[in-house]
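The block underneath contains the structure these notes are about, expressed in structure tokens.
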Amino acid sequence: MILITGSDGIIGRQLCNELLSQNIPFMPITHRRKCHTLHNALQVNLADDTGQLLKYASNFSAIVHLAAAVPHSLNYPDNSYSAELTRRMDQHILNIQSLTGVPLIYASTCGLYDRLLQDIKFEKDPSQLKIASPYFEAKFDGEKLFLKDGLSTILRLSAPIGSGLKSRLVLSRFICKARIGGKIEIWGSGNREQDFIDTSDIAQLIIKILQQPKSMILNVASGVPITMASLAETVVSSLESGSIEHTGQSDPRDAETARYSISLAKHHYNWEPQCTLDKSVKKLIHEDFERNF
């Protein structure tokens, strides 16, 4: 049985659906119950106590640790308090891994890389890292924590998109504006990059890793960065609605890049993203984007 933390997050719910479809047994964990939370999910505050999980520990065959105090939520601003919550979650899950000796998959982030670097970012080049906030410090500490002992695979995720996408994120805002025929506003040059990866592709990679776990760090991205101007064009084209306006307002993040190598995931797991950005956007046309609680 696979322990899944953050089971009703954007990646967790897609992973749970995939595991259900393949009849793979798992135990979903949630911090608070929501309308889409699986009925059998165990409600656990991972930052405070994981004692209630211990009675199930002997049944765990692997752990997928997706939970964190992600600063996209208004409840978790990117500060030292939220970073400490993430560290406590990680330590409690590490304790369970140490007790059981099972392999673990840890959700980290491509946000650890220097966003102003023009080069492609590789997992094995520490010179490309730039830890820019308390949250990223906590995730970097988490990587080191899980790689120190035990069998752990670290996933540096770019920008996951799928059901459960938060309302404040750029893609959500673009879609909401376009589907009412509004104008998508582009700041600065429009050249700021992001790399969007569909949660269905992330779930498929996780399942491959569960079948053959390895201690390593993997970038998990589409490998195809897109500028904000091109993203707006993709949304307008996919929805066949809306328009684009270059406002002339400066973008403080104008020079950011999102160029991540996914060659390691391809080599070790024969994995390559299958869902194009256009397909991902079309799946979200009628999405009721989650508010940031």
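The values are calculated or read from the model by the stated rules, or taken from the named source; none is laboratory data. Because the structure is predicted, anything quoted here is derived from the model rather than measured. Glycine also receives a Cβ, built like all others from the backbone with ideal geometry; neighbour counts cover every protein chain displayed. Ligands, DNA and RNA are excluded from the accessible area calculation, which covers all protein heavy atoms including side chains. Shrake-Rupley method; radii C 1.70, N 1.55, O 1.52, S 1.80 Å.
Based on Cβ point charges of +1 for Lys and Arg and -1 for Asp and Glu, what charge dipole magnitude is obtained for segment 2-71 about its Cα centre, in debye rounded to the nearest 20?
Around 140 debye, computed over segment 2-71.
Any idea of the accessible area per residue across segment 150-232, 1.4 Å probe, to the nearest Å²?
The answer is 34 Å² per residue.
Among DSSP beta bridges whose residues both lie in segment 150-293, state the antiparallel percentage, nearest 5.
Close to 15 percent.
Take the solvent-accessible surface of the protein heavy atoms, probe 1.4 Å, and return the percent of it on the chain that carbon and sulfur atoms account for.
The value for the chain is 51 percent carbon and sulfur by accessible area.
Using only alpha carbon pairs under 8 Å that are at least six residues apart, calculate the relative contact order of the chain and give it in whole percent.
Relative contact order, the chain: 20 percent.
Quote the accessible area belonging to Thr100 in square angstrom, nearest 10, computed with a 1.4 Å probe and with ligands, DNA and RNA left uncounted.
Around 40 Å² of this residue is reachable by solvent.
What does DSSP give for segment 49-168 in terms of the percent of beta bridges that are antiparallel, rounded to the nearest 5?
Restricted to segment 49-168, the bridges split so that about 10 percent are antiparallel.
Taking the Cα centre of the chain as origin and charging only Cβ (+1 Lys, Arg; -1 Asp, Glu), how large is the dipole, in debye to the nearest 20?
It works out to roughly 440 debye.
Just going by the charge dipole of the chain, with Lys and Arg at +1 and Asp and Glu at -1 on Cβ, which of Leu147, Tyr260, Leu277 is farthest out on the positive end?
Final value for the positive-end residue is Leu147.
Going down the table (Lys177/Lys279; Lys166/Lys282; Lys34/Lys282; Lys121/Lys283; Lys34/Lys177), which pairs top 20 Å between alpha carbons?
Lys34/Lys282; Lys121/Lys283; Lys34/Lys177
Just grab the label-to-label distance for Lys183 and Leu99, each label 7 Å out from Cα along the Cβ direction, in nm (one decimal).
It is 5.8 nm.
Using θ = phi - 60° and the Karplus form 6.51 cos²θ - 1.76 cosθ + 1.60, what ³J(HN,Hα) does each residue of segment 124-136 get, whole Hz, x for Gly and Pro?
Rounded to whole hertz, the list is 8, 10, x, 5, 8, 7, 8, 7, 9, 7, x, 4, 5.
Explain nothing, just the number: relative contact order of segment 42-177, from Cα pairs under 8 Å at least 6 residues apart, as a whole percent.
The normalised contact order for segment 42-177 reaches 27 percent.
In percent, how large is the relative contact order of segment 20-60, given Cα pairs closer than 8 Å and 6 or more residues apart?
30
Testing the spin-label approximation: label points 7 Å from Cα along Cα→Cβ at His39 and Phe140. State their distance in nm.
According to this spin-label approximation, the distance is 4.6 nm.
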